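Everything on this sheet refers to the single structure shown next.
The values are calculated or read from the model by the stated rules, or taken from the named source; none is laboratory data. Fair warning: this is a prediction, and the values are worked out from it, not measured in the lab. Here the Cβ positions follow ideal geometry from the backbone for every residue, glycine too, while neighbour counts run over all protein chains shown.
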Amino acid sequence: MAFPDPEPTPEQNPESPEAKTEAAKTEAAKPEDAKPDEAQADALPVQESFSAEELLPDEPAPTPATMEDAKLKAVLEAIIYVTDEPLTLDQICAAIEQPRDRVTDLLEQLAADYERPERGLSVREIAGGFKMTTKPEHHEAVRRFVKNLKPPLKLSLPALETLAVIAYKQPITRPEIMEIRGVQGAGVLKTLLDRKLIGTAGHKQVVGKPTLYKTTREFLVQFGLKDLGELPSLKEFQELARMDTETPPPENPPDPEQAE
């Protein structure tokens with residue numbers, strides 16, 4: 001017995017009215033932005049990926065003049081570091097063979113570099129020259145460290161008193177020093193002369209023509225002074241002398257009973 005062929009479904013027969021109606025409903029349900037125009041899609045810019053280095057602006061290449069200044073400043077820093085005595089401007093100019101104006105500018109740049117808080121040293125003008133020194137805010141820590149290394153060389157209290165009198169009253173004669181201190185000071189003067197902290201300054205035009213004494217450049221170097229105008233007050237000087245000459249008590253004092 002033969003069966004008639006079944007009627008095709010809308011999916012099997014796209015030309016049927018039912019299939020066309022179903023296709024129209026599906027097309028109407030799609031959002032408009034879901035079918036971009038091919039020409040518009042082609043016009044969209046292509047998103048490229050860039051590294052962080054490529055996004056940063058290009059740094060200007062150092063010029064020969066900048067490189068030369070950096071080299072000279074490094075040499076300047078080295079020669080100030082290796083010398084114990086303050087270097088004068090003339091000495092620096094002769095060493096790096098540069099004019100005074102350029103050396104002065106380089107010194108200002110170098111000093112500014114060392115003024116940053118992360119640097120422990122500074123470039124200062126001392127006794128007519130330039131020298132590297134520790135910063136004042138670190139002096140106490142450096143002092144403790146140095147004391148732990150070896151016993152520091154100290155002047156006696158009479159020597160410090162005599163040096164203070166000469167520093168504040170110079171030029172001054174030996175009798176005038178004795179009158180102020182009230183004691184003999186021949187041995188102390190010899191010690192200060194031997195250490196080149198004081199020197200002679202001619203003779204006073206009075207009876208006997210006594211020798212005049214004054215402080216020296218070595219005095220400025222040892223005390224880190226630019227000139228005598230940076231001297232502390234006499235009261236501050238005496239307080240510093242007292243602190244430096246005080247002897248700390250022993251860590252383990254003897255037992256009084258055992259001492260008997």
Practice task
Sort out which residues of the stretch 145-198 are within 24 Å of residue 85 (Cα to Cα) and exposed (fewer than 14 other Cβ atoms within 10 Å of the Cβ), and write them in order of number.
Solution key: 145, 146, 147, 149, 150, 151, 152, 153, 154, 190, 194, 196
Completion exercise
Among residues of the stretch 220-238 being under 26 Å from the mean Cα position of the chain (by Cα) and not aliphatic (A, V, I, L, M), the residue nearest to residue 121 (Cα to Cα) is 224
Exercise for the section: List the number of the failed condition for residue 117; all other conditions in (1) of a type outside the set (Phe, Trp, Tyr); (2) more than 23 Å from residue 222 (Cβ to Cβ); (3) in contact (Cβ under 8 Å) with a residue 24 or more places away in the chain; (4) part of a loop (DSSP other than H, G, I, E, B) hold. Expected result: (3)
Completion exercise
Among helices (runs of 4 or more DSSP H) entirely within the stretch 189-260, at least 3 residues that are at pLDDT 70 or above occur in 217-223, 234-245
Problem - Every pair of residues 6+ apart whose Cβ atoms lie under 9 Å, when the first sits in the stretch 213-236 and is on the phi > 0 side of the Ramachandran plot while the second is among the acidic types (Asp, Glu) and surrounded by fewer than 16 Cβ atoms within 10 Å (Cβ to Cβ) - result: 224/230
